[in-house]
Amino acid sequence: MKFSQIIMVMTFSIGMGLGQVLLKYSAQRQSMNTNFSWILRLYALFSDWTFLSGVALYGLLLVYWIWLLTFLPLSRAYPFTILSLVVAAIGGALFFQEPLTFRYGAGLSIIGIGLVVLGTG
């Protein structure tokens, strides 16, 4: 893959990770609605800007991904989507105080090394 193509796929993956952070934020905001009926809970969810932003971002990224696949082989592009895991993990640590242990960091590093190998091969 060309460097520009790797950047395009990485942009997709980073966007997916950010979408997960938005949806996690929305889920936390919804946890206070557990005493509501299911209709009120759905209304609260669909009127939450973070949920709507996450869904809109996913929709845009879906169209972007399909466009990417018009000129990139799936077998070369798809491994880079795991970068969204790294973005979501860092977002979870930064915004939700979720722990990032040494072992988890080591695993993320291995993923990074794998992406470098795939990108240069």
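The values are calculated or read from the model by the stated rules, or taken from the named source; none is laboratory data. Fair warning: this is a prediction, and the values are worked out from it, not measured in the lab. A quick note on method: Cβ atoms are made from the backbone with ideal geometry, for glycine too, and the neighbour counts reach across all protein chains shown. Surface areas here come from the heavy atoms of the whole protein model, side chains and all, with no ligands, DNA or RNA. Shrake-Rupley method; radii C 1.70, N 1.55, O 1.52, S 1.80 Å.
Using only alpha-carbon positions in the chain, the gyration tensor eigenvalues give semi-axes of 31, 20, 8 Å once each is multiplied by 5 and square-rooted (largest first). Based on the Kirkwood approach, the hydrodynamic radius assigned to the range 29-93 is 14.5 Å, with every pair of different Cα atoms included.
Each Lys and Arg adds +1 at its Cβ and each Asp and Glu adds -1 at its Cβ; summed about the Cα centre, the chain shows a dipole of about 100 debye. Please give the helix 102-120 orientation as an angle from the longest Cα principal axis of the chain, in degrees from 0 to 90, rounded to the nearest 10. Helix 102-120 sits roughly 50 degrees off the main axis of the chain.
Can you tell me the length gained on complete extension of the stretch S31 to A56, counting 0.36 nm per residue apart and subtracting the Cα distance?
Result for the pair: 6.9 nm of gain on full extension.
Say the dipole of the chain comes from +1 at the beta carbon of Lys and Arg and -1 at that of Asp and Glu; which of M32, L62, I7 then lies farthest toward its positive end? In the chain, that residue is I7. The candidates W67, W49, arranged from most to least accessible area with a 1.4 Å probe in the full protein assembly, appear as W49, W67. Rounded, prolate or oblate: pick one for the range 1-62, where a ≥ b ≥ c are the square roots of the eigenvalues of its C-alpha gyration tensor, a/c under 1.5 means rounded, and failing that, prolate if a/b is larger than b/c, else oblate. It comes out prolate by the Cα gyration axes.
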